[in-house]
1. For segment 137-172, how many residues meet the condition of being hydrophobic (A, V, I, L, M, F, W, C) and not in a strand (DSSP E or B)?
2. Run down ASN77, ASN114 and say which single residue is polar (S, T, N, Q) and in contact (Cβ under 8 Å) with a residue 60 or more places away in the chain.
3. List the pairs whose first member sits in segment 91-110 and is outside any loop (DSSP other than H, G, I, E, B), whose second member is exposed (fewer than 12 other Cβ atoms within 10 Å of the Cβ), and whose Cβ atoms are under 9 Å apart, counting only residues at least 6 apart or on separate chains?
4. Could you please let me know if TYR204 is surrounded by fewer than 20 Cβ atoms within 10 Å (Cβ to Cβ), touching a strand residue (DSSP E or B) at 6+ places or on another chain (Cβ under 9 Å) and among the aromatic types (Phe, Trp, Tyr)?
5. Name the residues in segment 111-136 that are more than 16 Å from PHE85 (Cα to Cα), among the aliphatic types (A, V, I, L, M) and in a helix (DSSP H, G or I), would you?
6. I'm checking my understanding of the structure. Among residues of segment 211-241 that are of a type outside the set (A, V, I, L, M, F, W, C) and over 27 Å from GLN56 (Cα atoms), which one is surrounded by the most Cβ atoms within 10 Å (Cβ to Cβ)?
7. Identify, by number, the condition in (1) out of contact with any helix residue (DSSP H, G or I) (no Cβ under 6 Å at 6 or more places or on another chain); (2) of a type outside the set (Val, Ile, Thr); (3) at pLDDT below 95 that SER147 doesn't meet.
8. Just wondering, is there one or more residues in segment 140-153 that are under 24 Å from PRO203 (Cβ atoms) and either surrounded by 13 or more Cβ atoms within 10 Å (Cβ to Cβ) or of a type outside the set (S, T, N, Q) (or both)?
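The values are calculated or read from the model by the stated rules, or taken from the named source; none is laboratory data. Values in this document were obtained by computation on a predicted structure and should not be read as measured data. Every residue, glycine among them, receives a Cβ derived from its backbone with ideal geometry; neighbour counts consider all protein chains shown.
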Amino acid sequence: MSASAALKSADPALEPHPVEILEGTLESGILLLCDHASNAVPPDLADLGLPASEFQRHIAYDIGAAAVTRSLARRLNAPAILTRFSRLVIDPNRGRDDPTLVMRLSDGAVVPGNAKVDEAEIQRRIERFYDPYDAAILDAIHKAMASGHPPAIVTVHSYTPVWRGWPRPWHVGILWDADDRYARPLLEGLAAEKGLVVGDNEPYDGALAGDTVDRHATIRGLANALIEIRQDLIASDEGAEEWAERFARLLKPLATRSELRKPAIFGTRTRERLRQH
């Protein structure tokens, strides 16, 4: 099945809101997000000129991340918001002015449908995909805040086992910027589990201006953590369930700690300054 066919058959009423919303209790204290949940492309974008095989790769979506997110939402009874469009259409985990917002070249693959994309087309995609995802997140945060239950923002991603010929040693990583209230206990909990190699801001750095955590959690002082799981560990249903169970066990006690539910003031990318004082 082509990417466009997958999107078309998934939800005929998809537009203008290409977002999957899972209901949960506001009292859970957690809002789960999955920025790269889907490899789907709307029919009118004609698979961006790519063969179907490219949409099975990490360039199109975060393999296994959606399954982990849905299972975590069920286990925690927490609300979750997932995208229903490929990151190749537009990447909601980038700032609006980020040059990689619409990728023209991704891990060796030229994306014909993006090669000559102009500012007008980028703006159309922002309004059609990026903005609805942002709006859904904002709505969920506002509802939680109004109910007296400020949420921690937990985003779920996955990464390739090998990058540019280099095997990545970590099984899982926790990314964070200025606020380590959720990241630190997650890192400690994972490190205590036998056999796991855990990355602290690996395989990426959590300080990315304009990313989902930056524009929704950091700006409001909400506790947060970005989970990165190696894709080969969650590509199967069994693997996704195993990792969802692990993170549910680690996240549940954090959600009950009132000091983690209070918004705090942390400037974007001030982690190094905080460490120096």
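1. Residues flagged as hydrophobic (A, V, I, L, M, F, W, C) and not in a strand (DSSP E or B) within segment 137-172 amount to 8.
2. ASN114
3. Listed pairs, sorted by first residue: LEU105/ALA115.
4. Yes: the conditions hold for TYR204.
5. Of everything in segment 111-136, those that are more than 16 Å from PHE85 (Cα to Cα), among the aliphatic types (A, V, I, L, M) and in a helix (DSSP H, G or I) turn out to be ALA115, ALA120.
6. Per the criteria, the residue is ASN224.
7. That leaves (1) as the condition not met.
8. Yes, there is a match, as at least one residue in segment 140-153 is under 24 Å from PRO203 (Cβ atoms) and either surrounded by 13 or more Cβ atoms within 10 Å (Cβ to Cβ) or of a type outside the set (S, T, N, Q) (or both).
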